[in-house]
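> My structure is below; once you've seen it, I'll send some questions.
The values are calculated or read from the model by the stated rules, or taken from the named source; none is laboratory data. Note that the coordinates shown come from a computational prediction; the quantities given were computed from them, not determined experimentally. Because the Cβ atoms are built from the backbone with ideal geometry, glycine has one as well, and the counts that use them run over all protein chains shown. These area figures cover heavy atoms from the full protein model, side chains too; ligands, DNA and RNA do not enter into them. Shrake-Rupley method; radii C 1.70, N 1.55, O 1.52, S 1.80 Å.
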Amino acid sequence: MPSNRQQAGSNAESLVASGLEDLGWMVLARNLRTPYAEIDLLCHDPDKVLVLVEVKARSILSWMEGEDNLGTAQRLRLARAAEWLAMRAPPAQGLRIDLALVELHGQQPVSWRVLEEIEVY
């Protein structure tokens, strides 16, 4: 049985996945494991760019500013995972890493936003 934190994370990923699909994105995989990192959502955006989406869920009281929610080690793991994917299936239209920030009220996600093309190095 998942913990409250795991359930909140899963709910946040579901909210972002369905919201991105509503915006014309195609979700290709959820929780995709690579040798370097687990990718929360692997998607094609409307322009067919391959996008690795890292989902971060936090209560409003614990938010840091945007990309500050990703530590250096996690950025490096995501960059390596992106390189690993690109070597196996080079994306025709490019590849980027986005960060989805989800605000929680208790354990329930209430709002979200995406920061596109975050810095990983």
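> Give me the residue from the stretch 15-30 that is in a helix (DSSP H, G or I) and either in contact (Cβ under 8 Å) with a residue 24 or more places away in the chain or touching a helix residue (DSSP H, G or I) at 6+ places or on another chain (Cβ under 7 Å) (or both) and, out of that set, most open to solvent (accessible area, probe 1.4 Å).
Per the stated criteria, the residue is LEU15.
> Could you list all residues from the stretch 78-105 that are open to solvent by less than 50 Å² (accessible area, probe 1.4 Å) and more than 13 Å from LEU52 (Cα to Cα)?
LEU101, VAL102, LEU104 - these are the residues of the stretch 78-105 that are open to solvent by less than 50 Å² (accessible area, probe 1.4 Å) and more than 13 Å from LEU52 (Cα to Cα).
> Looking at the stretch 33-48, which of its residues are within 19 Å of ALA73 (Cβ to Cβ) and not polar (S, T, N, Q)?
ARG33, PRO35, TYR36, ALA37, GLU38, ILE39, ASP40
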